[in-house]
1. Normalising by the residue count of the chain, find the relative contact order in percent from Cα pairs under 8 Å and 6+ residues apart.
2. Restricting things to Cα coordinates, could you compute the convex hull volume per residue of segment 59-178 in Å³?
3. Can you give the helix-only mean residue ellipticity at 222 nm for the chain, where every DSSP H stretch with n ≥ 4 adds -39500 (n - 2.57) and the sum goes over all residues, rounded to the nearest 500 deg cm²/dmol?
4. So how do 144, 70 line up by other beta-carbon neighbours within 10 Å, fewest first?
5. In what order do 45, 85, 129 fall by count of nearby beta-carbon atoms within 10 Å, going from fewest to most?
6. Taking neighbour counts of Cβ atoms within 10 Å as a proxy for exposure, in what order, fewest first, do 51, 71, 143 appear?
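Each value in this text was obtained by applying a stated rule to the coordinates, not by laboratory testing. Computed from a prediction, not measured in an experiment: that's the story for all the values here. FYI the Cβ positions are ideal-geometry reconstructions off the backbone, even for glycines, and counts take in every protein chain you see.
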């Protein structure tokens, strides 16, 4: 018996990626990176938003605490008393309100176009980081104080506004101070 040799060509299979497989992998990788960048972007936005919310709450509470301390000091000082304390806030009566610089202790009426933006003081030796000192960088926050009073009660409402992107945000805090004498 005679052996015949077949001269068959063996087709060599290429084990590499085809162009379509490569394109699919690139699309999947692009989608994953886009989702990751979106997550990072929104995380940064919410971190800034949270920081601004915390700062606004600090600025609200700062004026309430300042006013309570002034009330207590005035009532303990017989030369000032309740009437002297209330008179300090005359410029805060009305819808225009006033600006209270806690660091200086000054109270100035806002004009009809609104209150000024607070300045941000980054000096380490300063206990109050926000004030109205000229020459400092202007912050994103504006604070307005409106007061109403009667014989034995002073009602104070503090409103802080700021821009969060293109949206104006606002927070308010109210307190009633009584003549405890």
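1. 16 percent
2. It comes to 113 Å³ per residue, whole-number rounded.
3. So the helix-based figure for the chain works out to -13000 deg cm²/dmol.
4. 70, 144
5. 45, 129, 85
6. Values: 51 10, 71 21, 143 28.
Result, fewest neighbours first: 51, 71, 143.
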